[in-house]
Amino acid sequence: MGHDINEYKLVSENIQSSSIEREAKDVHFERSIRVFEEDLLLEKKLNREQRKAYTVIVDRIFSNKAGAFFIDGPGGTGKSFLYRSLLAAIRSRGFVALATTSSGVAASILPGGRTAHSRFKIPINVDENISCNINKQSSLACLIRDAKLIVWDEASMAKAKTIEAFNLLLKDLMDTRMLFGGKVVVLGGDFRQTLPVVLNGKKEDFISQKDKVEIPNSLLIPFATEEQSLQELFNVTYPNIESLFHDSSSLASHVILTTKNDYVHEINDMLISKFPNTARSFIVIDETVEPNDQSQFEDYLHTLNPTNLPPYKFTLKEIAHFKTHVISAKIASGDFQNKHVFIPRIPLLASEDEKLSIPFKRTQFPIRLCFAMTINKAQGQTLDFVGIYLREPVFSHGQLYVALSRAKTSKAVKLLIRPLTSDSNDDHLTYNIDKYCCAGSHTYVHERVYDEFIEKVKVRVMRPVVGDPFREGVEQEQFQKILRYIREGHDSSATLECRDDTIGSKGYSSNSSKL
Ligand SMILES: Nc1ncnc2c1ncn2[C@@H]1O[C@H](COP(=O)(O)OP(=O)(O)OP(=O)(O)O)[C@@H](O)[C@H]1O
């Protein structure tokens, strides 16, 4: 590992995959996505609400008008179904339609789906001045300019800054100040489901309220002992697991959902051990970025489990053919279903969000077992059977709702709840987090209600009681941030609807303002 293929002199010419070549291949793929007959037929099956949205959006596209749409609907009400029919309608006429989502799993559900981060080169680590990394002259820029339709599913899971960066990119590429560069953009999602992950967030970042909910007996697996009840959950979710061996598509439509990655790893290890074949474990190679630190920190690095890196050790069974550095496998779902691939071991870096004290790279196969996955990861999927394991209650807004709404019927869901305390028997009660307050910096309002909205907001904004500017929590940094937002809004030609003056000469309080 770690060697350049050219060192082996296998062919006379140097093999170099330039970023331009990779991009050209990518663009070629996007322009030649095949539309399947079944997707073309979806249009005929649209229900009344879906058809209404479909007609308005298609009409905007073919009359060459701009349009920014948001498709809202509770889990399982057919948002993805609508996107599929829209994508098929545009692509089958030979036009470009880009399908993007906020998460990789959701991207695998849409034909030709990509994460928005990857398609629009939006940096993962968002900061104040985030911008997309696309050259205006590149073939990717040309592809985006040509796109008649851009779909962004699960947009409710994206941070506001990423949507703003996307908006700026389109304005820049299209050379216009119109929203989303005057293109037809369909954002979709469900704010009742999980929202963006706030890493190391403080209380102010997500204030939520817990409510106790009682789960009906028909959905429950009674809690006896942890081992016994988990076994029962495994049995209902994966009946005859050994025979599922040869039926990868039905294996992929059953899943156990839980709250945290640590529990996911535990369950996956327990389930892989149930397969009869020979086990093979793969241990990672951890290398510090600074070579001199290697001997001192190697053992310590093995104990770390950053969220975006594979665990120190994982086990596979001999169903795929694997060698030490490459696995030969078949893809089970998505656009490339049944395609045969070779997966090499590659070095992976931890995300900068992890803020590791010793930067290092971990070499391992970029794969994970997925008999179990986190609830957040499952958002957007519709599955044949869902087992939910709540070792502890959900910890963020919408998680319980997402978990319960992944299956098509209530008969295809079973929950195992560990009682909150060892001496209680309330294995039918859990907490739901259902109220979520956050400070939004932008509001997109439909033009039809814009004037009325502005009037109502003006009245509201002038109403608050101004507090003590010296109370705990009122900081100069936050105050400067608010003044900066007002300035930025003003500079980008927004109208100041209320006062923007500061209160008094002491402390950090500003009058209510609205741009
Ligand atoms: N008009 C329809 N006719 C037949 N089946 C439909 C229709 N609309 C949706 N479905 C089916 O309902 C299920 C859920 O639909 P879909 O995945 O589109 O919902 P969703 O709103 O995207 O869910 P989520 O919010 O969880 O992502 C899918 O199996 C889909 O095929």
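The values are calculated or read from the model by the stated rules, or taken from the named source; none is laboratory data. Treat the numbers as computed from the prediction; the structure is a model and nothing was measured. When we count neighbours, we look across all protein chains shown, and the Cβ atoms used for this are built from the backbone with ideal geometry, even at glycine. Accessible surface areas use protein heavy atoms only, side chains included; no ligands, DNA or RNA. Shrake-Rupley method; radii C 1.70, N 1.55, O 1.52, S 1.80 Å.
Couple of notes before you dig in:
- Only protein heavy atoms count here; under a 1.4 Å probe, Lys44 has an accessible surface of about 150 Å².
- Computed accessible area, Ser92, all protein chains, 1.4 angstrom probe, square angstrom: 60 Å²
- For q = 0.13, 0.14 Å⁻¹, Debye-computed log10 I/I(0) when each Cα of the range 212-431 counts as one equal scatterer: -0.86, -0.97
- Take the Cα of Thr303, go 7 Å toward its beta carbon, and the backbone nitrogen atoms of the range 247-286 under 19 Å from that spot belong to 262, 284-286.
- Table column - 3J(HN,Hα) (Hz), the range 98-111, Karplus curve with 6.51, -1.76, 1.60, x for Gly and Pro: 9, 10, 10, 8, 7, 10, x, 5, 5, 5, 6, 7, 8, x
- Here the Karplus relation 6.51 cos²θ - 1.76 cosθ + 1.60, evaluated at θ = phi - 60°, turns the backbone of the range 480-488 into coupling constants of 5, 5, 5, 4, 5, 4, 4, 4, 4 Hz, with x for every Gly and Pro.
- Efficiency of FRET between Val289 and Leu179 - r from beta-carbon atoms, R0 41 angstrom, step 0.05: 0.50
- Mean separation of Cα contacts under 8 Å (6+ apart) over length of the range 5-189, as relative contact order %: 25 percent
- Backbone amide hydrogens, once placed in the peptide plane, bring Ala68 within less than 5 Å of Val185, excluding anything fewer than 5 places away on its chain.
- Accessible surface ranking for Thr278, Thr363, Thr315, Thr421, 1.4 angstrom probe, highest first: Thr278, Thr421, Thr315, Thr363.
- Probe 1.4 Å - accessible area at His28, Å² to nearest ten: 120 Å²
- Among the listed pairs Lys44/Lys171; Lys65/Lys171; Lys25/Lys148; Lys52/Lys171; Lys121/Lys330, those beyond 26 Å (Cα-Cα): Lys44/Lys171; Lys52/Lys171; Lys121/Lys330
- Our summary of shape: the Cα atoms of the range 5-189 have principal axis extents of 62, 41, 31 Å, ordered from largest down, in whole angstrom.
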